[in-house]
Amino acid sequence: MKEEFEVPGTVYVPVEALQRFMHDVFVALGVPEGDARICAEVLIASDIRGIPSHGINRLKMYYDRIKQGILSPITRFEIVKETETTAVVDGHHGMGHVIGYKSMTLAMEKARRYGMGAVAVRNSSHFGIAGYYALMAAEAGMIGMAFTNARPSVAPTFSVEPMFGTNPIAFACPTDEEFPFCFDAAISTTQQGNERGPSPIGED
């Protein structure tokens, strides 16, 4: 059956090998072991879900941004304001995947105790697919939502100058099936990033 879907000339690499490679690259860049695991897990989840624009395809972008000092490999997750059901977090320009993971974890902890939890983040960075974080909640029996802003990369109708972002929106919830429902999409016609590699600016 597998042979029917194989494309001549295509090299197939085991998922585990790709995930391990990404993990090792992040560690070599100075990302702590646990954080590197989160980053690699979010990226490989994108490829597995059929969203190659935000999977291992993005690794070079993170590599470049860390080397250029745009991203800090050490993520400082600071809660600057908090109530029983809400929180404001400063990510200090650390790894977006780690910030997103910890923010959703915090929101879920609040939801378990008070029925809902909402966490806003500032000074974060590109965090992969928004659906990963929404699914974290869905897999825990909750309704999860994840959104982010993005740099201007979409031109309005009749314009040639980018003014709007791709601003991903994701929400997920448990179902009576074996898998949860998940909507994960950009507000633009297509997501940013493709088989030719990510844009130099990317989403933030």
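Please treat every number below as a calculation from the coordinates, not as lab data. Everything quoted here is computed from the prediction, not taken from an experiment. Because the Cβ atoms are built from the backbone with ideal geometry, glycine has one as well, and the counts that use them run over all protein chains shown.
Fewest first, what order do ASP184, ASP24 take by the number of other Cβ atoms within 10 Å? Let's see the in-between values first.
Working: ASP184 22, ASP24 12.
The fewest-first ordering by Cβ neighbours comes to ASP24, ASP184.
Near LEU71, the amide H atoms lying under 5 Å from its own belong to ILE66; only residues 5 or more places off or on other chains count, and H is placed 1.01 Å from N.
Under a GNM of the chain (C-alpha, springs under 10 Å), which listed residue has the highest mean-square fluctuation: PHE164, PHE147, PHE127? So, out of PHE164, PHE147, PHE127, the one fluctuating most is PHE164. Each 5 Å bin from zero holds the following percent of Cα-Cα pairs in the range 22-162: 2, 10, 18, 21, 19, 15, 9, 5, 2, 0. Extension gain for GLU139-PHE158 works out to 2.6 nm (0.36 nm per residue, less the C-alpha to C-alpha distance). Helix hunt in the chain: which complete DSSP H runs extend at least 24 Å axially by C-alpha with mean Kyte-Doolittle at least -0.5? TM-like helix candidates: 96-114. Which residues in the range 106-122 have a backbone N closer than 20 Å to a point placed 7 Å from the Cα of GLU84 along the Cα-to-Cβ line? 106-120, by backbone N distance to the label point. Backbone amide hydrogens, once placed in the peptide plane, bring ALA118 within less than 5 Å of THR86, ALA87, excluding anything fewer than 5 places away on its chain.
Multiply the residue gap between ILE74 and ASN149 by 0.36 nm, knock off their C-alpha separation, and tell me the result in nm, one decimal place. Working shown, then result.
Numbers: separation 75, 0.36 × 75 = 27.00 nm, distance 2.24 nm.
The span from ILE74 to ASN149 would gain 24.8 nm if fully extended.
Each DSSP beta bridge with both residues in the chain is either parallel or antiparallel, and the antiparallel ones are about 75%. I'd like the distance separating the alpha-carbon centroids of the range 59-74 and the range 131-150, in whole Å. What the calculation gives is 25 Å, centre to centre.
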